[in-house]
1. Roughly what % of DSSP beta bridges within the chain run antiparallel, to the nearest 5?
2. Using only the Cα atoms of segment 1-112, build the gyration tensor, take square roots of its eigenvalues as a ≥ b ≥ c, and label the shape rounded, prolate or oblate: rounded if a/c is under 1.5, else prolate if a/b is larger than b/c, else oblate.
3. Could you tell me whether segment 42-98 comes out rounded, prolate or oblate from its Cα gyration tensor? Rule is a ≥ b ≥ c as square roots of the eigenvalues, rounded for a/c under 1.5, then prolate if a/b exceeds b/c, otherwise oblate.
4. Per residue, how much accessible surface does the chain expose to a 1.4 Å probe? Answer in Å², no decimals.
5. Using R₀ = 30 Å, calculate the FRET efficiency as 1/(1 + (r/R₀)^6) where r is the Cβ-Cβ separation of His55 and Thr101; round to 0.05.
6. Roughly how many percent of the accessible protein surface of the chain is carbon and sulfur, given a 1.4 Å probe and a whole-percent answer?
7. Can you sort Thr101, Thr89 by solvent-accessible area, 1.4 Å probe, largest first?
8. Considering amide H positions built from the backbone, and no H for Pro or chain starts, which residues 5 or more places from Tyr32, or on another chain, come under 5 Å of its amide H?
Amino acid sequence: VQLQASGGGLVQAGGSLRLSCAASGSIFSINYIAWYRQAPGKQRELVAAVNSGGHINYADSVKGRFTLSTENAKNTGYLEMNNLKPEDTAVYYCSVLKGLTVYWGQGTQVTVSS
């Protein structure tokens, strides 16, 4: 499985971005799709995740502002980010779980200026 993340950039506080994660390769039986982020000097943290049953979890810090969605026909997942805050600044990674193996995308930088 190969994951290609895109959509990051520089935005002012209060702005919006939409991240995309395109999956290719052996994508059958992917049962968990997630977005993580890692800010400088901090541990990587879970932002949002959806399981094969469609249940979505969000970190408390992004609830009501971020929306995770998937477009199966395009093998793509999205993270819509609204009302961005400076503390959302981080490298964002998409990740999928297939069987017992976790696959990671390369990360996309999101910078929110105050």
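1. 90
2. prolate
3. Verdict is prolate for segment 42-98.
4. 54
5. My answer for the efficiency is 0.90.
6. After summing per-atom areas, the C and S share lands at 49 percent.
7. Thr101, Thr89
8. The list, which skips near neighbours in sequence, is Leu97.
The values are calculated or read from the model by the stated rules, or taken from the named source; none is laboratory data. Since we're looking at a predicted model, the values are computed, not measured. Here Cβ is always computed from backbone atoms with ideal geometry, including for glycine, and neighbour counts include all displayed protein chains. Calculation scope for accessible area: heavy atoms of the full protein, side chains included, ligands and nucleic acids excluded. Shrake-Rupley method; radii C 1.70, N 1.55, O 1.52, S 1.80 Å.
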